[in-house]
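Data block below; observations after.
What follows draws every value from the coordinates through simple rules; no lab data is involved. Note that this is a predicted model, so its numbers are computed, not measured. Heads up, the Cβs are rebuilt from the backbone with ideal geometry, glycines too, and the neighbour counts pull from every protein chain shown.
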Amino acid sequence: TKWVYRFGNGSADGAADMKNLLGGKGANLAEMSNLGLPVPPGFTITTEVCTYYYDHGKAYPEALQSQVNDALEAIGAITGRRFGDQTLPLLLSVRSGARVSMPGMMDTVLNLGLNDETVKAIAASSGDERFAWDSYRRFIQMYSDVVMGLEHHDFEEILEEHKAEKGYSLDTEITAQEWAGIVEKFKALVDEELGRPFPQDPQEQLWGAIGAVFGSWETPRAKTYRRLHDIPSTWGTAVNVQAMVFGNMGETSATGVAFTRNPSTGDKRLYGEFLVNAQGEDVVAGIRTPQDITEVARIEAGSEAPSLEALMPEAFAEFQTICDKLEAHYRDMQDLEFTIEKGKLWMLQTRSGKRTAKAALKIAVDMVGEGLLSEQEAVMRVEPAALDQLLHPTIAPDAERTIFATGLPASPGAASGAIVFSSDEAEAAKASGQKVILVRIETSPEDIHGMHAAEGILTSRGGMTSHAAVVARGMGKPCVSGAGMLRIDYRQGTVSAGGKTFRSGDVITIDGASGQVLAGEVAMQQPTLSGDFGILMGWADKVRRMKVRANAETPQDAKVARNFGAEGIGLCRTEHMFFDGDRILAVREMILAETEKGRRNALSKLLPMQRRDFIDLFKIMQGLPVTIRLLDPPLHEFLPKTPAELNEVASAMNVPVDALRERAIALEEFNPMLGHRGCRLLVSYPEIAEMQARAIFEAAVASAKESGSAIVPEIMVPLVGLKGELDLVREAIVKTAEAVMAESGTTIEYQVGTMVELPRAALQAAEIAKSAEFFSFGTNDLTQTTFGISRDDASSFLGTYQAKGLIEQDPFVSLDQDGVGELVKIGAERGRSTRPDIKLGICGEHGGDPASIRFCESVGLDYVSCSPFRVPIARLAAAQAAL
Ligand code: ADP
Ligand code: MG
Ligand code: MG
């Protein structure tokens, strides 16, 4: 078996389409080599080795050692150096690389192969002592941290102590001699902490690093990330071993990262940061403030530090050419890493760049214009869930801004919240319902959970490509990074700037668009959707098969839904209309009445109000379908709770309070969600269905007269389990329709259908469909009733279930396709078997979840219905599902 794939010198064994075997980084290094780009030679140990390693009690395949040695020889032949050589030693970088980039994996080890002897050889061959010792100390620091598990921090302390002693402020001031002394201290620290010396044998170093990469695949952090992102553990990681090139060889050397287009706005302009005389992660770690790559960006930022374009024009020109070439080749915006060694450019990585939703839309639309993509490809390029970012509030233009500090506009949107200084605090606060802003000097992969929990992220260090910035953009959270004037004191729980101090718990607002940090809570405005958004949604709508409706009952919600392109209302919950103002009183009268006459009396008060609601709703929906669900919740929920409420109802009904109290107690239920609710109420009290149907039909007549466009109301009966239940309620509806038609002298078109939210309904769908013109799968309740768990109580154990791997996702967020989905499928098939043209839809949270929407497409539902703000997401997800 071939376990090792080589690249470099204008060719490679692998290619970009071999990500499964070589990991993302390895496949793209191979591709760049094949394209003839300057890539330091190296090789990739395949993901199959990782799988083998874990299948065989952490042992390597036999042939691996010799394949690695051969590949090392090949690198040596290209570079004219040999690994472990005493005169011209080859130094290596060892880099992890899974199919998708994954925090939690081993960090890169650079300068591997250095030891007490080879460091002298490097000094002699480069003629640069300082560079040699700087590289050696970096290597010890990185290797000890990443492979041997020592704290990075302990090494930093030695370094800081030395600088303080000498009065230096920058690492670059430290001399070769001094670095050599620091190296001795570093080695002593390793010996002391681990009871064994720092490994001097390059082979031992190399296999140690390779083992660490494979080992990091099963760390808790990597496992958590895989669980959150549905990455199977069987994928494994690859290891990339590559000849070092040096960005730390003085003033003509540099290292940097770039995006071929602006990842925040999508503007078609090279965008990136670099540092002179630096190596590897210095740029993203925020140790020094990086400089802009292009002159335009430098001028715009008003920065004094020269751009790469000005400092190294030749390397810059070559880099720009390469960027254009890679973008055209991959037909996507690229995120690049490069190093310049003594003026010579080397490419170290390329991949599809992470971007904001705004940038994703702009880039997709621009690339269609540039002829790089088709419209359908563009539709596939935007992550539906990411659109959520565009639907985020921003700071109102006329809001007063008390600016506390300013950093980089790292991720758009604005957010207010209480300050927390750690990710654990953020998570705890979120759990208790508090909105927080996570304030950190910088973030690391350990902060993912805190960033998830926070409304926004603020850091004092790090550029636009820092961890905080990249991750926040990916999550769609507002972020301000690199606000350098902030003094953050974790121990005191304070953050100060310009003489002002905020404490943990104080409320601040961050504006990811301007980079401002503002005191207190600030007024926000709702987003307007940009031109690119409309264009892309237009393309999506062209290929979409399923309709998208909204769950809405208020005129406000209905308007939002229409603006976002909803094609009707899939669920109008009438009970929400019952809680309003003095209506609740009439509702209480109705449910507490002892007789049908009493109930009818109360219902007649509700009728005109309900009618008004529907007239308003129909007007906004202008002839689009509206599904109205009859009263669903248990009466229990409407019962008067306080003595004052009880008194109020008693006097309105003109009955003694005591009698009323008894009736209320009699109506209380132990388990209301499985109690007297849904169609069971309508079976007991058909007059409720009659009143609601009358309100609907009269509204339909009125709005047809007013606007001329007839609406076809779809009346939905909830919680049906028996065909007979539906038939009884249906009878009341039909009777009412006929009465209203006779009274008004108009014909009314309407449909009666049911919600499928009990397993019995799904199983009996063939029977029920005989009486139902449509089904709407109520997957919230169907999930509760299928699992036998309550949505309100499940959070106490679902987390544990996820942690123990029993379930992958919260079934209330993403449809449980195996169980609940199976019932949906059965319901759809059996419903169609007796009524082939039955209309099928889904309401409930899942209607706005892209994975669930894909499932709905596969079952052939006619529409999905979701909350108004998720309508654009559902439109795009439905389009992608159809492609
Ligand atoms: P990550 O996946 O965290 O980006 P990488 O493997 O890309 O990790 O390595 C991080 C950084 O290390 C690179 O951006 C680059 O600056 C540096 N690096 C990696 N390989 C080499 C190399 N062969 N020569 C010089 N620097 C390297
Ligand atoms: Mg990288
Ligand atoms: Mg329900």
Out of every Cα pair in the stretch 344-432, what percent are spaced more than 18 Å from each other? 67
Rounded to the nearest angstrom and ordered from largest down, what semi-axes does the equivalent ellipsoid of the stretch 254-355 get from its C-alpha gyration tensor (root of 5λ)? 19, 15, 14
Where GluC sites (Glu not before Pro) fall in DSSP loop in the stretch 1-96, at most 16 other Cβ within 10 Å: Glu62
Summing -39500 (n - 2.57) over every DSSP H run of at least 4 residues in the chain and dividing by its residue count gives a helix-only mean residue ellipticity at 222 nm, to the nearest 500 deg cm²/dmol, of -14000 deg cm²/dmol
Calculate one ³J(HN,Hα) per residue across the stretch 109-117 by plugging θ = phi - 60° into the Karplus curve 6.51 cos²θ - 1.76 cosθ + 1.60, and present them in order as whole Hz with x for glycine and proline. 10, 9, 6, 6, x, 7, 8, 4, 8
Quick query: amide H of Gln349 versus all other amide H atoms, modeled in the peptide plane; which residues come in under 5 Å with a sequence gap of 5 or more or a different chain? Glu337
Loop-resident GluC sites (Glu not before Pro) in the stretch 520-568 with no more than 16 other Cβ atoms inside 10 Å, DSSP not H/G/I/E/B, are Glu521
Counting pairs of alpha carbon atoms under 8 Å apart in space and at least six apart in sequence, what relative contact order in percent does the chain give? 8
Which whole-number value in Å³ per residue fits the convex hull of the alpha carbons of the stretch 375-508? 122
Go through the stretch 802-883 and name the trypsin sites (Lys or Arg not before Pro) that are in a DSSP coil and have 13 or fewer other Cβ atoms within 10 Å of their Cβ. Lys804
Using Cβ counts within 10 Å as a stand-in for footprinting exposure, how do Met142, Met653 rank, fewest first? Met653, Met142
Expected vector for the stretch 296-306, Karplus 3J(HN,Hα) from phi with 6.51, -1.76, 1.60 and θ = phi - 60°, integer Hz, x for Gly and Pro, equals 4, 5, 4, 5, 4, 7, x, 8, 7, 5, x
Largest first and in whole Å, what are the equivalent-ellipsoid semi-axes of the stretch 544-882 based on the Cα gyration tensor, each being the root of 5 times an eigenvalue? 32, 26, 19
For Val712, enumerate residues with amide H under 5 Å from its amide H, sequence gap 5+ or separate chain, H modeled in the peptide plane. Val626
Please compute the Cα-Cα pair-distance distribution of the stretch 810-883 with 5 Å bins starting at 0, giving whole percents from short to long. 3, 18, 29, 24, 17, 8, 1, 0
Kirkwood Rh over Cα pairs of the stretch 205-248 into Stokes-Einstein at 20 °C, 1.002 mPa s: D in µm²/s? 175
Fewest-first ranking of Ser814, Ser707, using other Cβ atoms within 10 Å as the exposure measure: Ser707, Ser814
Projected-area mean, the stretch 117-216, by convex hull of Cα positions, square nanometres: 6.7
Compute the distance from the alpha-carbon center of the stretch 380-455 to that of the stretch 489-505, in whole Å. 18
Sequence-distant or interchain residues sharing an amide H contact under 5 Å with Thr494, placed H: which? Asp489
Testing the spin-label approximation: label points 7 Å from Cα along Cα→Cβ at Lys2 and Thr321. State their distance in nm. 3.0
Assertion target for Lys597, Lys354, ordered by fewest C-beta neighbours within 10 angstrom first, is Lys597, Lys354
Once you compute Rg and the Kirkwood Rh from C-alpha atoms, what is the Rg to Rh ratio for the chain? 1.05
Per the Cauchy relation, a quarter of the hull surface: what is the mean projected area of the convex hull of the alpha carbons in the stretch 10-166, in nm²? 11.3
Taking θ as phi - 60°, what are the ³J(HN,Hα) couplings along the stretch 816-824 by the Karplus curve (6.51, -1.76, 1.60), each to the nearest whole Hz, with x for Gly and Pro? 6, 5, 5, x, 4, x, 4, 5, 4
